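**Q** My questions will all concern the structure given below.
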Amino acid sequence: MADNVKPRVRVPKTAAKDEVVTIKTLISHQMESGQRKGKDGQIIPRSIINRFTVTFNGASVIDVQMEPAISTNPYFEFEARIPEAGEFVFTWYDDDGSVYEDKQSIALA
Amino acid sequence: GLGNPTRAFAQQALTQDQLLQFDDFGNLTLIHLTDTHAHLKPVWFREPDTNIGVGEASGRVPHVVGDAFQKMFSIRPGSPEAYALTYPDFQNLAASYGRMGGFDRIATVVKSIRAARPGAILLDGGDTWHGSYTSLKTRGEDMVRVMNLLGSQAMTAHWEFTFGTQRVQELIGMMNQPMLGANIFDAEWDEPAFEPSKIIETNGLRVGVVGQAFPYLPIANPGWLFPEYSFGIREERMQQVVDDLRGQGVDLVVCLSHNGFDVDHKMAGRVSGIDVILSGHTHDAIPEPVVVGDTIIIASGSHGKFVSRVDLDVRDGRMMGFRHKLIPVFSDVIEPDSEMAGLIDEIRAPYESELSEVIGKSEGLLYRRGNFNGSWDDLICDAMLSERDAEIALSPGVRWGASLLPGDITREDIHSVTSMTYGECYRTEMSGEMLKTVMEDVADNIFNEDPYYQQGGDMVRVGGLGYTIDPYASIGNRITGMTLLKDGSAIDPARNYVVAGWASVNEGTEGPQIWDVVENYLRRQGTVSPAPNRAIRLLTD
Amino acid sequence: ALPFSLAAQETAAPKTAEELIAEFTGGADVVEGDGVTLTAPEIAENGNTVPISVDAPGASEILVLAPGNPTPPVARFTFGELAGSQSASTRIRLAQTQDVVAIAKFPDGTFMRSSSNVKVTIGGCGG
Ligand SMILES: [Mn+2]
Ligand SMILES: [Mn+2]
């Protein structure tokens, strides 16, 4: 699973101080629910991303606990307030122990 | 009715001048054409005998048909208006008044309005590229050429998308008009994928035109053909686009909509700032605008039968008044435009022998439109039962497809009611339980009290199967008495039935094309004799 | 001895929406209110990927449930100090037509709920 997992994020390059910006994220992932049967009739074991967190300069923006009802290729859109120039850290936690991370900087305009 | 007035009488009573007569009004004219389904040549088209409205829509246009419709709009039985707008005595009146539509006649109507009203705006409500042999063979290009020549200034879409994303983009590249869709978003990042609106400047006015594509495209049609896009009603988005236009100081806001009439009616009451909704998709022809608050809704029929002319008095950024005419395009009365006739001939020339080949004969009227099986649908279902050796046939409740008077059935006629990019006729097994679920599901898409849950089609057509339906019941409770016609047995939820059908939205569906199935059946039968369908019982309150 | 383990019993009976709500609220009252909005399409284009948005100004957390799914939990959003709003959008799986539910927790210990009906259909035909 960890092979073809690819995070993508959309963050503005710049923002005014204390501006609220919209952020969109996508990560390619099967999100195997643990409820589907395979061709052999056996249940395919659950394998999902179970948590997604976003921080900015170490402070929390959003923390999402994810369940198997989240669709394949999880998508999130949310807003963040930008108090200063700095860096977003996006982190996805996989059932299999893998952790995927992306970072994006934003400058003050 | 009035019996069968002679053709001479009928034509004496009608002139082109009379059909186009209009007392000019105000300072702006809109011309609306929608749901032609690529019917380049004049057709017969019988309006529905059944169009049930539930909830608030009950008893309201377009859910009024036949005699009640004639009374509501003071239409004399047997008159040209009765023939064009209602079903009674259709076969006799058709013999008198002739076919309707044809793009060469439509071009004459448009040119005449433009001559009287320079700066008139022509708008195309969509379902333009699909529905005929030539549109399928040219993959929509014929209609792009025709609409370019006609001078349409903006369009929106529905069946256009069934050519697939790549072809839609190619054809947009050939168009002299924008494809507008405020409610079309890219499925990945949820961002607008099409231009939502266009400001057209004319006669010193700035007219904001918002496009609204069919909201349920990926549900009613195969979403795998255009996986990049997401649709939906998106009422808040519509409000935002209208507000943006108002913010840019437009004088008038027109919504070019493919929502379907009841959805437009509800939307008109919930989105503010729209002056005119030009409504498409449900194929209703309504002779007067329907007023909801400060918004008027115009319904212009289908298959080229009608062109709507709407004159408006626009002052101080407001619509102060309107005058409207639903112009019936009587093809024997309106002179063909030679330029458009030339283009149509050129488009059809390579296919002329294929189009005109006689496949069989019908002893009765063939029609489709109505909430339940029409005689065309019965014929298609019979063909599937026979050619695919099935117990039950399912045929989509689409509202397109011309009617046909008794006589020859050509390949072009068959394509009028079957043409599509996913016409494979499948054969499969389905449990009685699944059949009931399908019927209930489709019924709810038509008879849900909330228009936003309606998809604007008609009930799935069935062959080999009888049922009783109560449109006013709730989902899961509308369909009773499902019966296998071949032996009169009740449908058993646990038993599997051999089912043939076509127009599946599932990718990878296999089978011969439905038009070939119908052709083979007709060749075998020679002549068909449509009989009234007594297997479907309707409960009304 | 028991014929099956307690763990197996647990997976056989997933928690109900009521149990999940009680766990989230600690038994506190939940009122229906304007303080939380759940936006979803009237009809899902595809039950495997239904876009939803939740918005609850001032909330610290929002729990989303799909009570009509075999397992009702969907997601739990916790908003941090740099959240620009207490809102988020995602895409979810719905096994059938149902009311999707959002419950917002506010810093003063109150809870509000909102729901939105989404129809999951086989599909129809068209005009
Ligand atoms: Mn349509
Ligand atoms: Mn149509």
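**Q** From the list B:109, B:168, exactly one residue is closer than 26 Å to residue B:264 by Cβ, among the β-branched types (Val, Ile, Thr) and more than 16 Å from ligand 1 (Cβ to nearest atom). Which is it?
**A** B:109
**Q** Just to be sure I understand, how many residues within the stretch B:236-271 are over 23 Å from residue B:63 (Cα atoms), basic (Lys, Arg) and within 14 Å of another protein chain (Cβ to nearest Cβ)?
**A** Matching residues across the stretch B:236-271 total 1.
**Q** Just a yes or no: is a residue in the stretch B:198-210 open to solvent by 10 Å² or more (accessible area, probe 1.4 Å), closer than 30 Å to residue A:10 by Cα and touching a residue at least 40 places away in the same chain (Cβ under 8 Å)?
**A** Yes: the stretch B:198-210 contains one or more residues that are open to solvent by 10 Å² or more (accessible area, probe 1.4 Å), closer than 30 Å to residue A:10 by Cα and touching a residue at least 40 places away in the same chain (Cβ under 8 Å).
**Q** Moving on. How many of the residues making up the stretch B:442-477 are open to solvent by 30 Å² or more (accessible area, probe 1.4 Å) and on the phi > 0 side of the Ramachandran plot?
**A** The number of residues fulfilling the criteria is 1.
**Q** Something else about it: Looking only at the stretch B:393-432, count every residue that is within 16 Å of ligand 1 (Cβ to nearest atom) and touching a Pro at 6+ places or on another chain (Cβ under 6 Å) and tell me the total.
**A** 1
**Q** Determine whether residue B:472 is in a loop (DSSP other than H, G, I, E, B) and touching an Asp or Glu at 6+ places or on another chain (Cβ under 6 Å).
**A** Answer is yes for this residue.
**Q** Could you list, in sequence order, the residues of the stretch C:83-112 that are within 13 Å of chain A (Cβ to nearest Cβ) and either free of Cβ contacts under 8 Å to residues at least 24 places away in the same chain or not in a strand (DSSP E or B) (or both)?
**A** Residues satisfying the conditions are C:83, C:84, C:93, C:94, C:95, C:96.
**Q** Specify the residue that is nearest to residue B:81 (Cα to Cα); the eligible residues are those in the stretch B:311-327 that are in contact with a Leu (Cβ under 7 Å, 6 or more places away or on another chain) and open to solvent by 20 Å² or more (accessible area, probe 1.4 Å).
**A** Across the stretch B:311-327, the extreme among qualifying residues is B:322.
**Q** Follow-up question, since we're still on this one. Report the residue count in the stretch A:79-88 for those that are in contact with a strand residue (DSSP E or B) (Cβ under 6 Å, 6 or more places away or on another chain) and surrounded by fewer than 16 Cβ atoms within 10 Å (Cβ to Cβ).
**A** So the answer is 2.
**Q** For residue C:80, state whether it is within 12 Å of chain A (Cβ to nearest Cβ), in contact with a Ser or Thr (Cβ under 7 Å, 6 or more places away or on another chain) and without any contact (Cβ under 8 Å) to a residue 40 or more places away in the chain.
**A** So residue C:80 fits the description; yes.
**Q** Tally up the residues in the stretch A:1-60 that are basic (Lys, Arg), open to solvent by 60 Å² or more (accessible area, probe 1.4 Å) and either under 16 Å from residue C:91 (Cα atoms) or in a strand (DSSP E or B) (or both), please.
**A** Residues that pass the stated criteria total 4.
**Q** Taking the stretch B:412-439, which residues are open to solvent by 10 Å² or more (accessible area, probe 1.4 Å) and either aliphatic (A, V, I, L, M) or more than 21 Å from the chain's Cα centre (by Cα) (or both)?
**A** Correct list: B:424, B:426, B:427, B:428, B:429, B:430, B:431, B:433, B:434, B:436, B:437, B:438.
**Q** Would you check which residues across the stretch C:63-77 are facing chain A (nearest Cβ under 10 Å) and either open to solvent by less than 40 Å² (accessible area, probe 1.4 Å) or not in a strand (DSSP E or B) (or both) and list them?
**A** Of everything in the stretch C:63-77, those that are facing chain A (nearest Cβ under 10 Å) and either open to solvent by less than 40 Å² (accessible area, probe 1.4 Å) or not in a strand (DSSP E or B) (or both) turn out to be C:63, C:64, C:65, C:66, C:69, C:70, C:71, C:72, C:73, C:74, C:75, C:77.
**Q** Give the residue, chosen from B:382, B:377, that is at pLDDT 95 or above and within 14 Å of chain C (Cβ to nearest Cβ).
**A** When all the criteria are applied, what remains is B:377.
The values are calculated or read from the model by the stated rules, or taken from the named source; none is laboratory data. Since the model is a prediction, treat every value here as computed from it, not as a measurement. We place every Cβ from the backbone using ideal geometry, glycine too, and count neighbours over all the protein chains shown. Accessible surface is based on the protein model in full, side chains and every heavy atom, while ligands, DNA and RNA are left aside. Shrake-Rupley method; radii C 1.70, N 1.55, O 1.52, S 1.80 Å.
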